[in-house]
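Remarks on the structure that follows.
The values are calculated or read from the model by the stated rules, or taken from the named source; none is laboratory data. Note that the coordinates shown come from a computational prediction; the quantities given were computed from them, not determined experimentally. Here the Cβ positions follow ideal geometry from the backbone for every residue, glycine too, while neighbour counts run over all protein chains shown. Protein only, heavy atoms only, side chains kept; ligands, DNA and RNA dropped before computing areas. Shrake-Rupley method; radii C 1.70, N 1.55, O 1.52, S 1.80 Å.
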There are 2 protein chains.
Amino acid sequence: MFTFPSPNQQTVAMTECVFCAIVERRVDASIVWEDHAVVAFLDRSPVFKGHVLVVPRAHVETLPALPTDSVATFFTVVQRVAAALPEALDAHGTFVAINNVVSQSVPHLHAHVVPRRRKDGLRGFFWPRVKYDDADDVATFAARVRDALRAE
Amino acid sequence: MFTFPSPNQQTVAMTECVFCAIVERRVDASIVWEDHAVVAFLDRSPVFKGHVLVVPRAHVETLPALPTDSVATFFTVVQRVAAALPEALDAHGTFVAINNVVSQSVPHLHAHVVPRRRKDGLRGFFWPRVKYDDADDVATFAARVRDALRAE
């Protein structure tokens, strides 16, 4: 079976989830929080130093796949990390983000919590924007989202 | 008192929160979900069309300020929207993000839920990365975050 080197030269089978391996302590990570359901550790390729990833212990691929009764547990830790980073790192705020499917490098749900400082250079390119054509265009998009939410 | 025009030419006092005004139906918005505690509506300057903002009805500035007993209610709606958008808009995934303080345009907690498609052009510039100097540098940052989490 093919393997690739982990950050600490341990090997993880390519068919296996690297975040599951971290959760199970088979791969080292700089863990900053763990409880019965959630583990948080430093991203080893941070947007800014101190960038934390929060993951559920259970292998769940995306936010929509997280069991409803796990939402509070997971996001309470995300909230705690978002509260702790400014204090820990002398930052002004945080950026909390979850990529679902697209741009998701590891298919195990993870919330990024990134320390932010004023004038840290991320503002400009973080939020490119488009325009709706007109009021009808807005109404059409709103109706599609509304209908999908109602259908769940 | 100074006023500025809202999206629909209604006026909102500059000292007032525009998201509170939307929640209270004093300013129009394309609302896609509302319940006793949470309202979701289209961002009028979307990253991609169908980009939704999810806000608590209560005026809370940031994620750390959200009362613990509101975390489940708020993020259950965020999750529902993240599940609905791909279906509603024929998208592949979503980007869920919260800016706390830095890059936060309106000081009323809001989760962005942005529909994403493969090759939609956001990948490259969304995640600039830095490097830790060495293992000690990593350990130092981990310890600072760990200590702040323990202290809460």
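On inspection, A:VAL55 qualifies as surrounded by 22 or more Cβ atoms within 10 Å (Cβ to Cβ), among the aliphatic types (A, V, I, L, M), within 17 Å of the chain's Cα centre (by Cα) and modelled with pLDDT of 95 or more.
I'd like the residue in region B:1-21 that is in contact with a Ser or Thr (Cβ under 9 Å, 6 or more places away or on another chain) and surrounded by 11 or more Cβ atoms within 10 Å (Cβ to Cβ) and, out of all such residues, is modelled with the lowest pLDDT.
Step by step, filter region B:1-21, then rank; the result is B:THR3.
When the criteria are applied in full, B:ARG25 meets the requirement of being of a type outside the set (A, V, I, L, M, F, W, C) and without any contact (Cβ under 8 Å) to a residue 12 or more places away in the chain.
Of everything in region B:28-52 that is hydrophobic (A, V, I, L, M, F, W, C) and in contact (Cβ under 8 Å) with a residue 24 or more places away in the chain, the residue that is surrounded by the fewest Cβ atoms within 10 Å (Cβ to Cβ) is B:ALA37.
When region A:118-147 is filtered for residues that are among the small types (Gly, Ala, Ser) and modelled with pLDDT of 90 or more, the ones remaining, listed by number, are A:ALA135, A:ALA139, A:ALA142, A:ALA143.
Just one of (1) in a loop (DSSP other than H, G, I, E, B); (2) at pLDDT 95 or above; (3) under 19 Å from A:LEU53 (Cα atoms) fails for B:GLU61. It is (3). Selection of region A:58-79 for residues being under 17 Å from B:VAL71 (Cβ atoms), more than 7 Å from chain B (Cβ to nearest Cβ) and out of contact with any strand residue (DSSP E or B) (no Cβ under 8 Å at 6 or more places or on another chain) yields A:PRO67, A:ASP69. As a summary of the residue check, A:VAL102 satisfies the conditions (1) in a loop (DSSP other than H, G, I, E, B); (2) closer than 22 Å to B:ALA84 by Cα; (3) open to solvent by 20 Å² or more (accessible area, probe 1.4 Å) except for the one numbered (3). For region B:105-152, the set of residues classified as open to solvent by less than 20 Å² (accessible area, probe 1.4 Å), of a type in the set (Gly, Ala, Ser) and closer than 26 Å to A:PRO107 by Cβ consists of B:ALA111, B:ALA142, listed by residue number.
Going residue by residue through region A:34-57, is there one that turns out to be farther than 27 Å from B:ALA84 by Cα, assigned to a helix (DSSP H, G or I) and facing chain B (nearest Cβ under 8 Å)? Scanning region A:34-57 turns up no residue that is farther than 27 Å from B:ALA84 by Cα, assigned to a helix (DSSP H, G or I) and facing chain B (nearest Cβ under 8 Å). Among residues of region A:128-152 that are at the interface with another protein chain (Cβ under 7 Å from one of its Cβ atoms), those with a beta-carbon under 7 Å from a residue that is of a type in the set (D, E, K, R) and open to solvent by 30 Å² or more (accessible area, probe 1.4 Å) at least six positions away or on a different chain give the pairs A:VAL130/B:LYS49; A:TYR132/B:LYS49; A:PHE141/B:LYS49; A:ALA148/B:GLU87; A:LEU149/B:ARG80; A:GLU152/B:ARG80.
Applying the condition of being of a type outside the set (A, V, I, L, M), within 7 Å of chain A (Cβ to nearest Cβ) and open to solvent by 10 Å² or more (accessible area, probe 1.4 Å) to region B:80-97 and asking which residue is farthest from A:HIS112 (Cα to Cα) yields B:GLU87.
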